[in-house]
Amino acid sequence: REAVRAAFSAGTPLAIRGGGTKRFYTGSATGTPLDVTGHRGIVSYEPTELVITARAGTPLAEIEATLAADNQMLGFEPPHFTDGIEARGARQGGPGSASSPAATLGGTIACGFSGPRRPYAGSARDFVLGTKIINGKGEVVKFGGQVMKNVAGFDVSRLMAGSLGTLGVLLEISLKVLPKPAQEITLTFQMGADEAIRQMNTWAGQPLPLSAAAYSGDTLYIRLSGSAAGVRAARTKLGGELLEKGATFWEELREHQQSYFKTDTPLWRLSVPPAAAPIDLPGNWLLDWGGAQRWLVTNAAAENIHRMVESAGGYATLFRTSQANAARNSELPEPARILQKNIKLSMDPAGILNPG
């Protein structure tokens, strides 16, 4: 807090630093480094209440291990990005190396990353119950609480998800957690992209225990999670082939460890309506989140990508590239841009938190 207060008084920018495993995505903020990895540890965990509170510097792996001991999990299935991408980041002059700290809870929430379970369980933002932060004036403030039915005040805590440290230095985060499913299997189906999109949307509208749906190559992957009886009935209804190492497939997809992601060609993340038809852009495609999140490895011009994706009702983000991240991301609509500017002025009036 003293460091932020001093920076606010002097108008000196601060670059908040955690484990560094997401810097390939965020880029490098300008300013005096503010290392927050020492602020770590689980503050409270109530398995019967399905709530955990931890300091932002707590390694994600530590939280997941604690939850697993009580057969619980983080419902948004967050990626760590500690392996694979981190190594490529080091090779490309990025932040990662084999000795880098583990992914932290703060970095996960600040980036708002969610894994394959996101369309069926909710996003990182949906699981945030409360936060404690230091704002840009050096004040410690709390938002939300530690209960699921908290209705006091504005839901500012969920603004922290995806804010990339520009609204405050995360101190503590309270999250809703979920029980682990009794059974989980993955089925595969051979089909084209158009048919896969139709099938994923059809099944999403039916009472099936879906927990992930992705399409890669010519194969549709469907994960079923729930009671043994429910999973068995769904498998009988859907058919398909059982993937023996289904858990490994989803982990490698979540962590971008599959061969698809092992390239120096720019990787774009496209967020579109799940039923949107395949987009006519050159490159190598992979569909996740039941068709709502589409990855594209391509050297296509950024302007063409934005135009085509926006015409499909979505937006595009340059997720990773071997070059400097110079391509613009999609612009916010004017009303949203004004709201965002006003929120930033309220939380960080001097603009010292993570500029750039």
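The values are calculated or read from the model by the stated rules, or taken from the named source; none is laboratory data. A quick note: this is a predicted structure, and the numbers were derived from the prediction, not measured. FYI the Cβ positions are ideal-geometry reconstructions off the backbone, even for glycines, and counts take in every protein chain you see. Note: areas computed on protein heavy atoms with side chains; ligands, DNA, RNA excluded. Shrake-Rupley method; radii C 1.70, N 1.55, O 1.52, S 1.80 Å.
Taking each residue of the range 329-344 that is touching a residue at least 60 places away in the same chain (Cβ under 8 Å) and looking for partners that are in a helix (DSSP H, G or I) and surrounded by 10 or more Cβ atoms within 10 Å (Cβ to Cβ) with beta-carbon atoms closer than 8 Å, six or more apart or interchain, yields ILE343/LEU159. Restricting attention to the range 270-279, the residues that are under 20 Å from the mean Cα position of the chain (by Cα) and open to solvent by 40 Å² or more (accessible area, probe 1.4 Å) add up to 2. The sole residue among GLY162, GLY130 that is more than 25 Å from SER271 (Cα to Cα) and either part of a loop (DSSP other than H, G, I, E, B) or in contact (Cβ under 8 Å) with a residue 40 or more places away in the chain (or both) is GLY130. Every test in (1) touching a helix residue (DSSP H, G or I) at 6+ places or on another chain (Cβ under 8 Å); (2) modelled with pLDDT of 95 or more is passed by PHE249 save one, and that test is (1). Of note, SER163 does not satisfy the criterion of being among the polar types (S, T, N, Q), open to solvent by less than 30 Å² (accessible area, probe 1.4 Å) and closer than 22 Å to GLN72 by Cα.
Every residue in the range 166-210 that is in a strand (DSSP E or B), among the β-branched types (Val, Ile, Thr) and within 19 Å of GLU77 (Cα to Cα), please. Passing the criteria: ILE173, ILE185, THR186. Against the condition surrounded by fewer than 18 Cβ atoms within 10 Å (Cβ to Cβ), modelled with pLDDT of 95 or more and more than 30 Å from GLY106 (Cβ to Cβ), how does THR186 come out, does it pass? Answer is no for this residue. Among helices (runs of 4 or more DSSP H) entirely within the range 213-326, having at least 2 residues that are polar (S, T, N, Q) singles out 302-311. Restricting attention to the range 241-264, which residues are open to solvent by 40 Å² or more (accessible area, probe 1.4 Å) and in contact (Cβ under 8 Å) with a residue 12 or more places away in the chain? Of everything in the range 241-264, those that are open to solvent by 40 Å² or more (accessible area, probe 1.4 Å) and in contact (Cβ under 8 Å) with a residue 12 or more places away in the chain turn out to be GLU241, LEU242, LEU243, ALA247, ARG254, GLN257, LYS262, ASP264. Counted as qualifying within the range 1-72 are the helices (runs of 4 or more DSSP H) with 2 or more residues that are modelled with pLDDT of 95 or more and open to solvent by 70 Å² or more (accessible area, probe 1.4 Å), namely 2-10. Candidates ARG158, ARG223: the one that is at pLDDT below 95, among the charged types (D, E, K, R) and in contact with a helix residue (DSSP H, G or I) (Cβ under 9 Å, 6 or more places away or on another chain) is ARG158.
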